Amino acid sequence: MLIGYARCASSGDDEQVERDQLVKLGVEPGQIHVDHGLSGIDRPRPALAAALGAVSARDTLVVTSLDRLARSVPDLSDITADLSRRDVLLMFDGVVHDPKDPIGETVFSMLSTTFAQFESGLLRLRLHESVAQRKASGAFKGRKPKLTPEQQAEMFDLYERHESSVPELMKRFSLSQPAVYQYLTRERTLRSSPEPPLDH
């Protein structure tokens, strides 16, 4: 039997994608368990408990990736040790790993060590969760341009007329050197774009 599991954002905006991927991997829709909330060490995970309780010897627990299964390396180690002890197979990244197979046994053993890719995936998911929560509360508005279109045009004119150097523009507009060049390039591109035809 294939049992699917996924940790998704509190907002649920990634849940359908996870469900669709698990179905493509062979899991029946009714056998998919989903927890919401990607951050928080002590957050309850009733769906994980249900998924682990649903698998028995020679069943397969299916996740799209390891960072959707566990929230830390020790957590991953505990889960995989439990699966191995109960002779449960684990599928992640589309590959099935059998704890009774020599290669699968090695994989299960390696999962108890720190993987940079796994940690990177966890950080990405936690950031996604944080942004989703801030958006939901209205606290996240996205990055706003530091300069207005008028200021950007003024900067470009000063530079093109050789009235101000880049260091002077940096000081005048309180920008870093890369930012100054970025605004200059943006304005140059804007001005070089063809004008849209007028409606008659």
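Taking the stated definitions as given, is Val27 in a loop (DSSP other than H, G, I, E, B) and under 15 Å from Ala6 (Cα atoms)? Answer is yes for this residue. Close contacts from segment 70-85, counting a first residue that is in contact (Cβ under 8 Å) with a residue 40 or more places away in the chain and assigned by TED's automatic domain parsing to the domain that holds Arg7 and a second that is part of a helix (DSSP H, G or I) and among the basic types (Lys, Arg), with Cβ to Cβ under 9 Å and a gap of 6+ residues or different chains, come to Arg71/Arg126.
When Asp14 is tested against (1) within 21 Å of the chain's Cα centre (by Cα); (2) at pLDDT 90 or above; (3) crowded, with 17+ Cβ neighbours inside 10 Å, just one condition goes unmet, and that condition is (2).
Contact map, segment 99-115: first residue modelled with pLDDT of 75 or more, second residue among the hydrophobic types (A, V, I, L, M, F, W, C), Cβ cut-off under 6 Å, separation 6 or more or different chains; pairs are Pro99/Phe108. On the stretch given as segment 174-199, residues that are under 11 Å from Ala153 (Cα atoms), at pLDDT 85 or above and aliphatic (A, V, I, L, M) total 1. Number of residues in segment 51-70 that are in a helix (DSSP H, G or I) and either at pLDDT below 95 or surrounded by fewer than 23 Cβ atoms within 10 Å (Cβ to Cβ) (or both): the value is 6.
When the residues of segment 153-176 are filtered to those that are assigned to a loop (DSSP other than H, G, I, E, B) and surrounded by 13 or more Cβ atoms within 10 Å (Cβ to Cβ), the one that is farthest from the chain's Cα centre (by Cα) is Ser164.
The values are calculated or read from the model by the stated rules, or taken from the named source; none is laboratory data. Since the structure is predicted, the reported quantities are computational estimates derived from the model, not experimental observations. Here the Cβ is made from the backbone with ideal geometry for all residues, glycine too, and neighbour counts use every protein chain on show.
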